[in-house]
1. At residue 168 and residue 106, where each label point lies 7 Å from the Cα along Cα→Cβ, what is the point-to-point distance in nanometres?
2. How much length would be gained if the chain were fully extended between residue 212 and residue 28, taking 0.36 nm per residue of separation minus their Cα-Cα distance, in nm to one decimal?
Amino acid sequence: MPAPPLPTPAGPARPAAFLTTRWTRVLAAQGPSTAAREALAELCAAYYEPVVRFLERSGTADPRDLAHAFFASLLEGDPLAHARPGHGRFRSYLLGALRHFAANQRAAARSGRRGGNAPHVSLDAGTAAGPARQVADACELPPDAAFDRDWALALIGHALAALRRESEAAGRGERFEQLKPWLTGDADHGAQADCARTLGLEMNTLKSEVHRLRLRFRQLVKEEVRSTLGDPAATGEEMAALFAALRGG
């Protein structure tokens, strides 16, 4: 059977549209089912960059090569091979599996068997995923904490992109771009008057629109978080953990 394609850094994830979330589909599947593989591949592609960044901070010489080999091994095997009832978060599961894989790769390299049984994919230093980054210096966050921060940033980016697509579908793409700074914290409150004039809106209308977008943005963030959990009831706890990671503590 041919090997499944390697996950590539996909465009921002679309809003969750499954009756069950992606990670729940993986956990609920018995054996390497098509549904589980599709859900796992989607999650791997969505959170490719935090894995690469973790490997960079861990001192890996070729983080993108190793990330590709890791995802290939994950998708070729039984998606549930390393999942346990306690692995309610895909974030935790993925980091644990990555640590195990990287340790095996280091052991294989020391014994002259670089690559182990996993396929080794050679990539240029810069790929479609983005230019190669330099390994972070020692004053940055530890790899685990930085992984959680990068995961949170990726998740928020997916939710923001989903909101952009919704706005474009409603014919409000330009308005979304004008109002986006008030969703991401990049705008000053006083600049709303200038924005209202640009859009031809009354101030009260603009404030109402910003409020509506903020509510929808938060809902989409929750949906994205929920898609990575085995228990939807843990959504609030996971959101709190990820926002704490963004604050650096």
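Every number in this text was worked out from the coordinates using simple rules, so none of it is lab data. Quantities reported herein were computed from a predicted structural model and do not represent experimental measurements. Because the Cβ atoms are built from the backbone with ideal geometry, glycine has one as well, and the counts that use them run over all protein chains shown.
1. Roughly 4.2 nm, to one decimal.
2. Result for the pair: 62.7 nm of gain on full extension.
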